[in-house]
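Worksheet: the structure to be examined is printed underneath.
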Amino acid sequence: MTKKKIHTRGVDDLRVRAEKTVGTDVSNPQASASSQQGKQVLHDLRAHQIELETQNEELRRVQSELEVSRERYFDLYDLAPVGYVTLNEQGSILEANLTSAYGSNRFRSSSVWS
């Protein structure tokens, strides 16, 4: 949380510096160099923002695909008219679809299947 506050404070400082740079006299060589640095920092920040927005869009797209896949899995596995179970290497039941749970007169939430 502290790191986030420091980062925010740094962005605010950059904003103040950029505003001061825009208001400086461009005939002054130091002001011109400072203006170039400010433009470069602004460019870098905008590029980073675009990268983050692109990553966010990609994460949202993948999340949407996962939700569709989960719904499809539910339809194929849980709502199948045939009983399906998922076993581990020892043969213990890890998962069972609704049909097998109702057919065996056991609740799906039960942890004891043996």
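Would you call ASP25 at pLDDT below 85 and part of a helix (DSSP H, G or I)? Spell out the reasoning first.
Values: at pLDDT below 85: yes; part of a helix (DSSP H, G or I): no.
Against the criterion (at pLDDT below 85 and part of a helix (DSSP H, G or I)), ASP25 does not qualify.
Return the residue satisfying two criteria in turn: it lies in the stretch 35-79 and is hydroxyl-bearing (Ser, Thr, Tyr) and in contact (Cβ under 8 Å) with a residue 12 or more places away in the chain, and of such residues it is nearest to SER100 (Cα to Cα). Break it down stepwise before answering.
First, the residues of the stretch 35-79 that are hydroxyl-bearing (Ser, Thr, Tyr): 35, 54, 64, 69, 73, 77.
Checking the rest, the ones that are also in contact (Cβ under 8 Å) with a residue 12 or more places away in the chain come to 35, 77.
On the way: SER35: 71, TYR77: 11 Å.
Here the residue is TYR77.
Would you mind stating whether LEU14 is aliphatic (A, V, I, L, M), outside the structural domain of LEU98 (by TED's automatic domain parsing), at pLDDT 70 or above and assigned to a helix (DSSP H, G or I)? Talk me through it step by step, then tell me what you get.
Values: aliphatic (A, V, I, L, M): yes; outside the structural domain of LEU98 (by TED's automatic domain parsing): yes; at pLDDT 70 or above: no; assigned to a helix (DSSP H, G or I): yes.
Judged against the criteria, LEU14 is not a match.
Of (1) at pLDDT below 60; (2) loosely packed, with under 10 Cβ neighbours inside 10 Å; (3) among the charged types (D, E, K, R), ARG9 satisfies all except one. Which?
(2)
The values are calculated or read from the model by the stated rules, or taken from the named source; none is laboratory data. Because the structure is predicted, anything quoted here is derived from the model rather than measured. Note that we place each Cβ from the backbone using ideal geometry, even for glycine, and neighbour counts take in every protein chain shown.
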